[in-house]
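See below for the structure under consideration.
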Amino acid sequence: MSNHSSVHVFKRRDAIKIVVGSVGAAGLAHAQSRAALRVSTPAVPDDWHAKMWTVFKDSLDKSAPGAFDVQINLNGTLFKQGAEPAAMARGNLELAAISAFDIAKLVPEFSIFTAGYVVRDVAHQQKIFNGPIGQEMFKAVAQKMDVQVLATAYLGTRQVNLREARQVRTPADLKDIKLRMPGSKEWLFLGEALGAKATPLAFGEVYLALKTGTIDGQDNPLPTVRAAKFHEVTKQLALTSHLTDAVFIAISAKAWASATPAQQTALRKAAAEAAEFNNKNRLQEESQIVDDFRKMGLQVTTPDVAAFRQTVQAAYLKSEMAKAWPAGLLDRINAIK
């Protein structure tokens, strides 16, 4: 090879290196320019609350292409359940679905949404949080927790599951029933308000306790009842629908403030689409579970829900918890049709 040819080859190689290097640098710069949005959720992959984050990511990729790098962390691998709000306030986490119970710890007036029979059903839930009441409450959340709530996702409706079938029409029919509840004072209060003898017990011990008769019943959303196989050791499902629960898709104040107005619109849209996906599929699943339980021989009954609501709300209004509720808020919530 002549010297002239060698020089030509080396120049060509250098040119290729420069082009490749430029492309690599441009790609790196593009990746670095995308704002990282870390998502932490305790949900397992098959849960609708896990799948909704993929809907959120896909929506954001379409409406704000190249703006965000959504990183979904399932199974509580990034932060354990309940630790997300503090991580968001510190700036260590951008996105999570936080519970009403978590919010109420720092925003006491929000505890109204942890009370029995305040939210009637999913339609009522969405009207509350997508209207003026939601705006007011989320403003308080933003001020006290440094997070911005983007959308409300349905968590589930808690029902009563009994070891032995009995007539359950009003709270009086649950008298002396040892009803397992989670161990906090808020949950135990709800169990007592339902008319039962609230019994604290760890979730992992419930199946055996039902089987042996240590407890007479338990309450949970239907997907949880099925997953934990409580239907194997109970004979009745009483559709009391005493707590229609939610989780709130929220973003840290820091991440929210760093987004442009157009990006904020895209974030709200993505959260709304994720919540709608979750709500539709979760409701469909619950309806199917009721049919499945009937086919398995479980007696499914619907009590006088109005009587339960009246009794339970009266108990809450006399309690210490209600002192944190803004005056007239319960009446405003009840008036939403």
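The table that follows gives values for the structure above.
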{"read-out": "Rounded Å value of the spacing that divides the Cα centres of the range 102-122 and the range 285-328", "value": "14 Å"}
{"read-out": "Histogram of C-alpha separations across the range 34-335, 10 Å bin width, %", "value": "6, 27, 33, 23, 9, 2"}
{"read-out": "Test item: Cα-centred dipole of the range 34-335, Lys/Arg +1 and Asp/Glu -1 on Cβ, debye", "value": "160 debye"}
{"read-out": "Farthest positive-ward along the chain dipole, Cα basis, beta-carbon charges - from L243, V160, P65", "value": "P65"}
{"read-out": "Placed amide H near A151: partners under 5 Å, 5+ positions off or other chain", "value": "I249"}
{"read-out": "Estimated vicinal HN-Hα couplings, Hz - the range 86-97 in sequence order (Karplus 6.51, -1.76, 1.60; Gly, Pro = x)", "value": "5, 5, 5, 5, 7, x, 8, 8, 9, 9, 6, 9"}
{"read-out": "For the chain, share of DSSP beta bridges that run antiparallel, in % to the nearest 5", "value": "60 percent"}
{"read-out": "Filter on K178/K318; K144/K318; K229/K295; K51/K280; K105/K185; K80/K197 - keep pairs with C-alpha separation over 21 Å", "value": "K178/K318; K144/K318; K80/K197"}
{"read-out": "Stretch gain in nm, segment A307-R332, where the contour uses 0.36 nm per residue and the Cα spacing is subtracted", "value": "7.0 nm"}
{"read-out": "13 Å Cα-Cα reach of K269 towards aspartates and glutamates, excluding residues that sit fewer than 8 places from it in its own chain", "value": "D58, D61"}
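Each reported figure results from applying straightforward, stated rules to the coordinates on display, with no laboratory input. This is a predicted model, so every value here is computed, not measured. Glycine also receives a Cβ, built like all others from the backbone with ideal geometry; neighbour counts cover every protein chain displayed.
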